[in-house]
Amino acid sequence: MKKTDVSRRHFSLLAGTLAAARIPLTAAGPLTAQEVVARIQTNLGAESSANSTDGFKAGDPSTPVKGIATTAMATIDVLKRASAGGANLVITYEPTFFGRQDGPTPPPPPPSSPPPGGSNRPSPRMFIGLAADDPVYTAKKELIEKSGLVVYRMRDGWQSRKDNEMTTGLAESLGWTKYRVKPDDVLYDIPKATAEETVAYIRKKLNLRGGLRAVGDRKATVRRVLLYPGTMTPTTMWQRYEETDLIVAGEVREWENTHYAADIFTVGEKRGLITIGRVVSEDPGMRACAAWLKTVVKEVPTQWVTVGDLYWRAA
């Protein structure tokens with residue numbers, strides 16, 4: 001058998017070419033999206049429930065992974081930036097197709113005879129509240145397919161970690177990590193400031209525009225803050241508002257929490273509520289997810305793609 005001689009220079013060039021393509025040089029070949037997710041699930045150690053929202057939402061799970069991008073929500077803008085940055089596996093915290101149980105479109109039902117006097121034109125199939133031919137859904141699905149992307153939702157799995165990574169990530173973005181009152185809680189004793197000053201600080205640190213809303217006394221002194229990324233339920237607010245000067249939540253239901261906070265202010269209590277937007281509040285937690293993934297899937301690069309505040313700021 002003829003022995004092939006591969007020079008050191010030739011091997012270096014070959015390795016450099018593979019590195020430039022962001023494909024790991026392993027005997028088994030590059031990891032697929034399915035293999036990456038299996039490794040993530042193993043390291044999370046959480047069992048998936050039948051009601052879990054996690055799973056592949058678009059793309060082929062057998063696709064070799066060149067790069068991973070984490071995000072709070074896989075918007076079209078995020079998908080484009082992830083692809084431009086070399087990622088083809090996008091791990092999102094929130095839905096991709098605008099519904100809790102979003103995912104691949106179900107197969108079409110078998111054709112049936114139209115009712116007497118009815119139309120032969122088939123009714124558009126519904127997908128998560130959208131028609132199957134909805135232009136936004138169609139455009140997003142086509143972008144994912146043409147870009148060779150795979151989208152996986154990882155909300156329940158990421159929440160299963162012992163540390164509250166979503167809260168920890170938000171606190172880190174605000175520079176409040178060292179002010180945490182208890183390791184397993186969401187209260188922070190920050191430097192004293194007025195509510196108005198605290199709002200301005202949060203707006204600047206998170207680069208917010210029009211998504212921030214505040215209720216309460218502008219001049220009230222703020223020392224203890226409760227951080228609650230995502231959606232805060234009325235029960236949580238009712239049970240915990242007396243522990244804090246200011247609640248910073250992602251979003252609330254206005255007629256419950258917001259006006260409850262307004263009535264607290266009306267009766268003279270110096271407590272406030274800030275909502276910064278659900279996805280904005282979850283963004284930092286997915287940056288923490290990207291940092292964690294770098295320790296779990298070392299063969300491919302991982303990046304975080306921020307969604308940002310999409311709201312206008314009124315003039």
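The values are calculated or read from the model by the stated rules, or taken from the named source; none is laboratory data. Here the structure is a predicted model, which means the values were calculated and not measured. Here the Cβ is made from the backbone with ideal geometry for all residues, glycine too, and neighbour counts use every protein chain on show.
When only residues in segment 184-203 that are more than 21 Å from the chain's Cα centre (by Cα) and more than 12 Å from D245 (Cα to Cα) count, which is surrounded by the fewest Cβ atoms within 10 Å (Cβ to Cβ)?
Keep residues of segment 184-203 that are more than 21 Å from the chain's Cα centre (by Cα), which gives 184-185, 187-201.
Next cut, more than 12 Å from D245 (Cα to Cα) only: 184-185, 191, 196-197, 199-201.
Numbers: D184: 8, D185: 14, P191: 11, E196: 16, E197: 15, V199: 23, A200: 13, Y201: 17.
Once the filter is applied, the top-ranked residue is D184.
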Is it the case that some residue within segment 138-147 is in the same structural domain as T63 (by TED's automatic domain parsing), in contact (Cβ under 8 Å) with a residue 24 or more places away in the chain, over 24 Å from A288 (Cα atoms) and of a type in the set (K, R)? yes
When residues of segment 284-315 are limited to those that are over 18 Å from the mean Cα position of the chain (by Cα) and in a helix (DSSP H, G or I), the one surrounded by the most Cβ atoms within 10 Å (Cβ to Cβ): V296
Out of (1) of a type in the set (S, T, Y); (2) surrounded by fewer than 24 Cβ atoms within 10 Å (Cβ to Cβ); (3) assigned to a helix (DSSP H, G or I), the odd one out for S281 is which? (2)
Index of the failed condition, K270 passing every other in (1) touching a residue at least 40 places away in the same chain (Cβ under 8 Å); (2) among the basic types (K, R); (3) not in a loop (DSSP other than H, G, I, E, B): (3)
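Filter segment 81-107 down to the residues that are in a loop (DSSP other than H, G, I, E, B) and of a type in the set (S, T, N, Q), then identify the one that is nearest to V297 (Cα to Cα). Give the steps one after another, and end with the answer.
Going residue by residue through segment 81-107, those that are in a loop (DSSP other than H, G, I, E, B) are 85-88, 93-107.
Next cut, of a type in the set (S, T, N, Q) only: 88, 96, 101, 105.
Details: N88: 14, T96: 23, Q101: 27, T105: 29 Å.
Only one residue tops the list, namely N88.
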Total residues in segment 25-80, condition at pLDDT 90 or above, assigned to a loop (DSSP other than H, G, I, E, B) and surrounded by 16 or more Cβ atoms within 10 Å (Cβ to Cβ): 13
